[in-house]
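A.B. asks: Before anything else, here's the structure in question.
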Amino acid sequence: MTDRRLWSYKDIAAHIRVQPDTVRSYRKHGLLPPPDHVERGKPYWYADTVRTWVASRPGNRSRRED
């Protein structure tokens, strides 16, 4: 089953338990995948995109998936 909900910086931050500014910094430094959708200049990612990124990112210490 595919999860096509769009997540904002805030949603991603809550998922990985960091501040939204940290997620923005990840994007600025090329550590976040490109957004799946941009609306009115704001980037959004599919939940599945984020989960795949979390599972493969360096430093992933088996974080609990919500």
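A.B. asks: Calculated from the structure, Kirkwood radius over Cα pairs in Å equals which of (i) 13.2; (ii) 11.6; (iii) 12.1?
C.D. replies: Entry (iii).
A.B. asks: Can you tell me the accessible area per residue over the chain, all protein chains present, probe 1.4 angstrom, in square angstrom?
C.D. replies: 72
A.B. asks: What residues have an amide H closer than 5 Å to that of V18, excluding those fewer than 5 places away on the same chain, when H is modeled at 1.01 Å from N in the peptide plane?
C.D. replies: So V18 has HN proximity to no qualifying residue.
A.B. asks: Given a 1.4 Å probe and every protein chain left where it sits, what share in percent of the accessible area of the chain is carbon and sulfur?
C.D. replies: In the chain, the share of accessible area belonging to carbon and sulfur is 50 percent.
A.B. asks: For the chain, what does the relative contact order come out to in percent, with C-alpha contacts under 8 Å and a separation of six or more?
C.D. replies: 36
The values are calculated or read from the model by the stated rules, or taken from the named source; none is laboratory data. Quick caveat: nothing in here was measured; it's all calculated off a predicted structure. SASA here: full protein model, heavy atoms, side chains in, ligands and nucleic acids out. Shrake-Rupley method; radii C 1.70, N 1.55, O 1.52, S 1.80 Å.
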